[in-house]
1. Is region 241-248 home to any residue that is in the same structural domain as TYR301 (by TED's automatic domain parsing), more than 24 Å from ASN297 (Cα to Cα) and either away from the ligand (no atom under 16 Å from the Cβ) or surrounded by fewer than 21 Cβ atoms within 10 Å (Cβ to Cβ) (or both)?
2. State all residues of region 268-282 that are away from the ligand (no atom under 14 Å from the Cβ) and of a type outside the set (Lys, Arg); if no residue qualifies, say none.
3. Hey, among TYR172, TYR177, which residue is closer than 17 Å to VAL237 by Cα, assigned by TED's automatic domain parsing to the domain that holds SER100 and modelled with pLDDT of 95 or more?
4. Among (1) out of contact with any Pro (no Cβ under 9 Å at 6 or more places or on another chain); (2) in a strand (DSSP E or B); (3) more than 30 Å from TRP236 (Cα to Cα); (4) not acidic (Asp, Glu), where does ILE404 come up short?
5. Scan region 255-267 and give yes if some residue there is in a loop (DSSP other than H, G, I, E, B), within 16 Å of the ligand (Cβ to nearest atom) and either at pLDDT below 95 or outside the structural domain of ILE404 (by TED's automatic domain parsing) (or both), otherwise no.
6. Yes or no: region 7-30 includes at least one residue that is hydrophobic (A, V, I, L, M, F, W, C), within 23 Å of CYS219 (Cβ to Cβ), modelled with pLDDT of 95 or more and not in a strand (DSSP E or B).
7. Where residues in region 66-85 are more than 16 Å from the ligand (Cβ to nearest atom) and not in a loop (DSSP other than H, G, I, E, B), which of them is nearest to GLN134 (Cα to Cα)?
8. Before we move on, is LEU373 crowded, with 19+ Cβ neighbours inside 10 Å, touching a Lys or Arg at 6+ places or on another chain (Cβ under 8 Å) and at pLDDT 95 or above?
Amino acid sequence: MRFLYFLVGLLVITKLSAQNSELFHEQYRPQYHFTPQKYWTNDPNGLVFQNGVYHLFFQYNPFENKWGHMSWGHATSADLIHWKELPVAILEEDGKMIFSGSAVLDQNNKTGFNEKKNSQPLVAIYTSHTDTLQAQHLAYSNDNGYTWKKYPNNPVLNLNKKDFRDPNVFWYELGKYWVMAVSQPVEQQISFYKSTNLKNWEHLSEFGPRGDLSGVWECPDLMQVPIVGEKEKTKWVLFTSQNSTMQYFVGDFDGIRFLEDNPHTSIHKQDYGTDYYAAVTYHNTKEKQPISIGWINNWEYANEIPTKPWKGAMSIPRKLSVKNINHDWVLIQEPINTLNKLGSNQQMIANVLVTGTKILKQKGKSFKMDFDLYPVAKGTSGLKLAVGGDRYFMIGYDSKKEKIFIDRTNTFNGFSKKFAAINRSDANLKTNEGKIHLKVFFDESIVEIYTDDGMVVFTSQVFPEKNDTGIILFSDGGISRFENIRYQKINSAH
Ligand code: FRU
């Protein structure tokens, strides 16, 4: 009998360790983008920095690999690259889901949630969701975010509306109060409120409808962003998410209302790719500069992507600044420097003139490449990655249209008609002294592209087969020049 127990025990241990050794080695699994070990995630939530630790909470289904039972998952990191996943922080309860929201450090115990001397409570402000009501609730933690209690007198802000969500709160030092930006999705407005204790909220103003009105507005975030090259000077930037893409507004906030500076003849987007949504920021960071994280997926097909046992990933954290270009404020996004820690030795590739295609000897699915492209005058040029058989993911520049684009038509898309239909996206981009600079990050099933130092960014998913590791430079319609080509393998963060 004992022997039998021993055998069963041995089997269980072998099975578990087999599972563990497979974890993070699954097909498509990103190696340096955050993904939960298992099950579904969407929006990043509660981005807050406390005592050297970055907290990342995220919309999470603790039971299944699809949307549902929304709760807040939790992970922490000291460098925003190596993440430790912790137990689920705030759980769905009594049929009330925990929708998106933010978290703040209550340094002076203004909430009275501090249960121990000298500890500083973390307070989460989130939307409690049922089919008929969305209202803003609080939960708090006195052990650095490890365990959470829901505030017994919830809700703290309730308009008795079906759609009213995604509160984003920050401390407004000038007025010495907290400000909440919260979405009125159907009206396509952002409401601003203020509070000194996070429990009583006073209405300040409304912003919108404006800009992109193609879908309901979700996940606002208002933050102060440094101006490139002007020390100590900042602008206020407002983020919203709608219809599977995002937009930003640049202007000023006077403690009551947000006023946009840009004339708004065009819509400003954080990301022109197919898979970037619900990004919010760390307002207080080591770098004294906001850092954003977005969800890499698209509601059109989010539940259908072929990844398991997880679905959904977070973007590379991006440092934000703004720049005034021809009387237009533009957001600049740069991948955080700590990502360099994972890079292997950089390889320089000789400058090259390309007509047709040039296959590089470098291969892989986890790398960073950057180069200057002097595109062919009247054609298309760029880079193909995840190349294998007749499959490839294309990043191209169309010189006639002056557009940069991604195209995943020739990649595996049989798992979803909607994914297959969204196979291309583009953005206007002019060359600068005849060239554009491209920085490309590839991570198994995620491509992030930063052009011209982060003025135009693309994030997209691609699902390559095992051996689709080729990299090709191409130029159709004449000669293109590729200069300062650098390739660097990026090691796993796991
Ligand atoms: C955005 C969103 C939010 C909501 C959450 C629910 O992606 O729809 O508005 O709080 O997802 O998971």
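1. Start the filter on region 241-248 by keeping residues that are in the same structural domain as TYR301 (by TED's automatic domain parsing), which leaves 241-248.
Then drop every residue that is not more than 24 Å from ASN297 (Cα to Cα), which leaves none.
No, the conditions are met nowhere in region 241-248.
2. Step one: filter region 268-282 for residues away from the ligand (no atom under 14 Å from the Cβ), giving 268-274, 281-282.
The answer is HIS268, GLN270, ASP271, TYR272, GLY273, THR274, THR281, TYR282.
3. On the way: TYR177 fails: closer than 17 Å to VAL237 by Cα.
After applying the criteria, what remains is TYR172.
4. (3)
5. As a first pass, look at region 255-267 and keep what is in a loop (DSSP other than H, G, I, E, B): 255-257, 261-267.
Checking which are within 16 Å of the ligand (Cβ to nearest atom) leaves us with none.
The answer is no; no qualifying residue exists.
6. No; the residues of region 7-30 include none that is hydrophobic (A, V, I, L, M, F, W, C), within 23 Å of CYS219 (Cβ to Cβ), modelled with pLDDT of 95 or more and not in a strand (DSSP E or B).
7. Start the filter on region 66-85 by keeping residues that are more than 16 Å from the ligand (Cβ to nearest atom), which leaves 75-85.
Then drop every residue that is not not in a loop (DSSP other than H, G, I, E, B), which leaves 75-77, 84-85.
On the way: ALA75: 26, THR76: 28, SER77: 31, LYS84: 31, GLU85: 28 Å.
This residue is ALA75.
8. Values: crowded, with 19+ Cβ neighbours inside 10 Å: yes; touching a Lys or Arg at 6+ places or on another chain (Cβ under 8 Å): yes; at pLDDT 95 or above: yes.
Yes, satisfied.
The values are calculated or read from the model by the stated rules, or taken from the named source; none is laboratory data. On a predicted model such as this, the values are computed, not experimentally measured, just so you know. Glycine gets a Cβ as well: all are built from the backbone with ideal geometry, and neighbour counts include every protein chain shown.
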